[in-house]
Amino acid sequence: MILSSNRILKEIKAKNIVIKPFRQKCLGSNSYDVHLGNWLAIYEEEVLDAKKENKIKYFEISKNGFILKPTNFYLGVTEEYTETHSCVPFLEGKSSIGRLGIDIHATAGKGDVGFCNYWTLELSVKMPVRIYRGMPIGQLIFFELTDKDFIPYTHKKDAKYTKLTDKPTPSMMYKNFK
């Protein structure tokens, strides 16, 4: 079951969902709009290797924005820090973003119960597009769990994305080969 705006507010008051900063105007009927943070990153290597740590280069989006190019793959980050303690968060692109030809995730739209961090975005575009920090970029949708017996993400021994950072986090696939 998808949580309605009223239920999202109840879960926020109960601290089962945390969104910082929280803005009431970003709450939709059954979702919450998130915004592009200040940082982008690109991989330094031309060929990525799933078995090794691939280095990235960070850069801050200027006030004049930044042009995403279709020949590059970018990692972005949400402005919002989130926590979900009793539901499953899904991050989807806003339709206005999709209509600009921007994809915000390749495969990682589902979060885990217990994820406490900023969301890394996997940005790609169909044609050059200028983006701006703070612009609406996606929407979080929350699904209720049918079973309350689970291990939160931050308590899993193999959880790779637990280090708190407001910058994009590169792939840690290489940790699966150890």
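Here, each number is a calculation from the coordinates, and none is a lab measurement. Owing to the predicted nature of the structure, the values given are computational and were not obtained by experimental measurement. With ideal geometry, Cβ positions are generated from the backbone for all residues, glycine too; neighbour counts draw on all protein chains shown.
Some points to look at:
- Among the criteria (1) surrounded by fewer than 17 Cβ atoms within 10 Å (Cβ to Cβ); (2) assigned to a loop (DSSP other than H, G, I, E, B); (3) in contact with an Asp or Glu (Cβ under 7 Å, 6 or more places away or on another chain); (4) not hydroxyl-bearing (Ser, Thr, Tyr), the one residue 38 does not fulfil is (2).
- Looking across the stretch 34-79 at every residue that is of a type in the set (A, V, I, L, M) and out of contact with any strand residue (DSSP E or B) (no Cβ under 8 Å at 6 or more places or on another chain), the one that is farthest from residue 139 (Cα to Cα) is identified as 47.
- If you check 137, 151, 131, 141 for being of a type in the set (A, V, I, L, M, F, W, C) and free of Cβ contacts under 8 Å to residues at least 40 places away in the same chain, only one passes: 151.
- Entirely in the stretch 105-159, the strands (runs of 3 or more DSSP E) that have 3 or more residues that are not basic (Lys, Arg): 116-125, 136-144
- Pair list, Cβ under 7 Å, 6 or more apart: the stretch 2-21 residue under 21 Å from residue 152 (Cβ atoms), other residue assigned to a helix (DSSP H, G or I): 3/11; 17/8; 17/11; 19/12
- Test result for residue 59, without any contact (Cβ under 8 Å) to a residue 40 or more places away in the chain, among the hydrophobic types (A, V, I, L, M, F, W, C) and in a strand (DSSP E or B): yes
- Enumeration of residues in the stretch 83-104 that are under 12 Å from residue 131 (Cβ atoms), part of a loop (DSSP other than H, G, I, E, B) and within 16 Å of the chain's Cα centre (by Cα): 104
- Condition met for residue 52 (within 15 Å of residue 121 (Cα to Cα), surrounded by fewer than 16 Cβ atoms within 10 Å (Cβ to Cβ) and among the basic types (Lys, Arg)): no
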